[in-house]
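The values are calculated or read from the model by the stated rules, or taken from the named source; none is laboratory data. Please read all numbers here as calculations on a predicted model, not as lab measurements. Please note: Cβ atoms are built from the backbone with ideal geometry, for glycine as well, and neighbour counts cover all protein chains shown.
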C-alpha cells in the first residue's frame, strides 16, 4: 500500500481527535468561562455546524482544484481553527473557533476518499479507503483519551494546541508523500444531480435523526460519568478508551455487514441502541453499567456507519462525491441536534442521565424513518438494499437451478 495513505490517515486521526475530545473536556471548558455544562454544549454544536456548512460548500468551491492542493488548504484551515481555539479569550470566540475548525472536516474526508482510491493498487481500493479511516477509529482509542488526560493535566488549551500540531505534521506529510493525481470524474452539475433522487434525502434523514442519538449522550458523557456514575475526573479518559474500542470493533463489523444486508443491519442497530439507552437511563448511577453502556452505544452506532454510507452511495448513483459530503453534513447535523436536545433536557432540570432517554427517542425515530424509506423502496422506487429487490423471473429460475444442483 502506498505510504501516501499514511499521510491521509494522520489527517483523519487529527480530525477524529478534535471532533470527540471536546466532549471529554466540556467541564473544564465550561469552568474557564463560567458557563453551565448545557451552555458549553454549544461548542459541540458549533463544530458540527461548521461541518454542515463546510462539507457541501467547500466541496463545490474546490471542485476544479487538484485534490492535493485541496487537502493542504483544508488542513491549513484546520490548523488555523485550532490556533484560534487554543487562544480564544472569550466563550463566544471559542464557539467561533470551533465552527472554523469544523469547516474543512467533510470536504477533507471526501477528498481523502477520492485520492486513496486513485493511488491504491488495482483491486485494493477498498483496503486503501479503510486504512485512511483507520485514523478516525484510532483517534477514538488513543487520541481522545490521551487528549482528555492532557487537558485535565495541562489545561484544555494545551490539548487543542497539540491537535493543531498534528495538522501541521499532516500538511508536511501530504506535500512530501501524496502525488498530485487527476481525480475529477465528472462535472459539478452531475454531482448535484444526486439530490434529485428521493432516496438520497431519505438516507440523509435517517442519518441526521438516528445518529443524533449517540451524540445526545456522548456530548455530555464526562458529567454523566463523574456526576451520575461517580467516576473520578481522572478516570474519564480511561472510560473513553472503551468508547474508542467499541467504535473500532463496530466499524470493523459494520464494514462486513454493509456488503450483506444494509437494511437489516441498520434496523437491528437502532433496536440495540434503544435497549442500551434504556438501561443506561435506568442504571446510570452504576459504574459498571455506565462504562459498559459507553462501550455499547459506540459499538452499535459504528456498526451502522458503513451500512448507512453504503445506502447513501447506492442512492446517489453518479453523484457519489457530493452525496458523501452531504452524508458528513448529515452526521454532524445529528451531532448538533443531539448536543442541543441533550442540553435542553439538562437545562429543564431532568438531570444528565435524561440524555439517554432523549437518545432512545431519537433512535426510535431513526428506525421509523428507515422503515418508511424501505417501504417506499419495496413499492418500486429504486431499491437501495439489493436484498429488497425482487429478482427478475429469468434470474430466479437460474438461481433456483443452481441451488437444486
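Within the set of pairs 6+ apart or on separate chains, which have a first residue in region 27-56 that is free of Cβ contacts under 8 Å to residues at least 12 places away in the same chain, a second that is part of a helix (DSSP H, G or I) and crowded, with 21+ Cβ neighbours inside 10 Å, and C-beta atoms under 8 Å apart?
If the second residue must be part of a helix (DSSP H, G or I) and crowded, with 21+ Cβ neighbours inside 10 Å, the pairs left are 30/37; 30/40.
Considering only residues that are closer than 15 Å to residue 211 by Cβ and crowded, with 24+ Cβ neighbours inside 10 Å, which ones fall in region 274-288?
Within region 274-288, 276, 277 meet the criteria.
Residue by residue through region 48-64, note down the ones that are part of a loop (DSSP other than H, G, I, E, B) and either closer than 18 Å to residue 170 by Cβ or within 18 Å of the chain's Cα centre (by Cα) (or both). Quick ask: steps written out before the conclusion?
Residues of region 48-64 that are part of a loop (DSSP other than H, G, I, E, B), as a first pass: 62-64.
Within region 48-64, just 62 meets the criteria.
What is the one condition in (1) crowded, with 24+ Cβ neighbours inside 10 Å; (2) under 27 Å from residue 323 (Cβ atoms) that residue 65 does not satisfy?
(1)
Name the residues in region 284-313 that are outside any helix (DSSP H, G or I) and closer than 18 Å to residue 351 by Cα, would you?
284, 285, 286
Which residue is modelled with the lowest pLDDT, if the candidates are limited to region 249-273 and must be farther than 18 Å from residue 203 by Cα and buried (at least 20 other Cβ atoms within 10 Å of the Cβ)?
Out of the qualifying residues, it is 251.
On the basis of being surrounded by 24 or more Cβ atoms within 10 Å (Cβ to Cβ) and either touching a strand residue (DSSP E or B) at 6+ places or on another chain (Cβ under 6 Å) or under 23 Å from residue 239 (Cβ atoms) (or both), does residue 41 make the cut?
yes
Six or more apart or on different chains, Cβ atoms under 6 Å: show the pairs whose first residue is in region 2-16 and within 10 Å of residue 173 (Cα to Cα) and whose second is part of a loop (DSSP other than H, G, I, E, B).
These pairs meet every condition: 4/178; 7/178.
Out of 359, 326, 353, 315, report the one residue that is under 15 Å from the mean Cα position of the chain (by Cα) and surrounded by 22 or more Cβ atoms within 10 Å (Cβ to Cβ).
None of the others qualify; the one that does is 326.
Looking at region 7-22, can you tell me whether even one residue there is in a loop (DSSP other than H, G, I, E, B), in contact with a helix residue (DSSP H, G or I) (Cβ under 7 Å, 6 or more places away or on another chain) and not assigned by TED's automatic domain parsing to the domain that holds residue 336? Give the derivation first.
Of the residues in region 7-22, the ones in a loop (DSSP other than H, G, I, E, B) are none.
No, there is no match, as no residue in region 7-22 is in a loop (DSSP other than H, G, I, E, B), in contact with a helix residue (DSSP H, G or I) (Cβ under 7 Å, 6 or more places away or on another chain) and not assigned by TED's automatic domain parsing to the domain that holds residue 336.
Looking only at region 220-240, filter to residues that are under 20 Å from the mean Cα position of the chain (by Cα) and modelled with pLDDT of 85 or more; which one of those is nearest to residue 141 (Cα to Cα)?
Looking at the filtered set, the residue picked out is 239.
Any residue at all in region 80-94 that's assigned by TED's automatic domain parsing to the domain that holds residue 164, modelled with pLDDT under 95, touching a helix residue (DSSP H, G or I) at 6+ places or on another chain (Cβ under 6 Å) and farther than 27 Å from residue 247 by Cα?
no
Please determine whether any residue of region 91-109 is in a loop (DSSP other than H, G, I, E, B), over 21 Å from the mean Cα position of the chain (by Cα), surrounded by fewer than 19 Cβ atoms within 10 Å (Cβ to Cβ) and without any contact (Cβ under 8 Å) to a residue 12 or more places away in the chain. Quick ask: steps written out before the conclusion?
Keep residues of region 91-109 that are in a loop (DSSP other than H, G, I, E, B), which gives 103-104.
When the remaining residues are screened for being over 21 Å from the mean Cα position of the chain (by Cα), the result is none.
Looking for residues that are in a loop (DSSP other than H, G, I, E, B), over 21 Å from the mean Cα position of the chain (by Cα), surrounded by fewer than 19 Cβ atoms within 10 Å (Cβ to Cβ) and without any contact (Cβ under 8 Å) to a residue 12 or more places away in the chain, one finds none in region 91-109, hence no.
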